[in-house]
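Below is one structure. I have some questions about it.
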Amino acid sequence: MAVKGHQYINYALLAITIATLVVVIMSGANNNIMVSILLVISLIYGWSFVAPIGGADMPVVISLLNLLISFTGLTAAAAGFDREATNS
């Protein structure tokens, strides 16, 4: 997905996400509508951030996104650094 000025779209989505997060925190835990809006905006931002990545970089994105489920992404990255240190 190559869109001219895509980074500015991501900046705007990030700013909206942070602003919504502040509103959710300030309004308390009983504001389910704002939490739902925050979830949707965060999903859109996440998709927009990852969508332009493709080709050989995709396995790196997938392994780091596994961090959301468990720590396998960071574990694999740390293991790579560890293997690099022991090979030298």
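Restricting to segment 24-71, name every residue that is surrounded by fewer than 13 Cβ atoms within 10 Å (Cβ to Cβ), in a helix (DSSP H, G or I), modelled with pLDDT under 75 and of a type in the set (Val, Ile, Thr).
62
If you don't mind, another one. From 17, 75, which residue is at pLDDT 80 or above, surrounded by 12 or more Cβ atoms within 10 Å (Cβ to Cβ) and in a helix (DSSP H, G or I)?
Going through 17, 75 in turn, just one is at pLDDT 80 or above, surrounded by 12 or more Cβ atoms within 10 Å (Cβ to Cβ) and in a helix (DSSP H, G or I): 17.
The values are calculated or read from the model by the stated rules, or taken from the named source; none is laboratory data. These figures come from a predicted structure and were not determined experimentally. For neighbour counting, all protein chains shown are included, and Cβ atoms are generated from backbone atoms with ideal geometry for every residue, glycine included.
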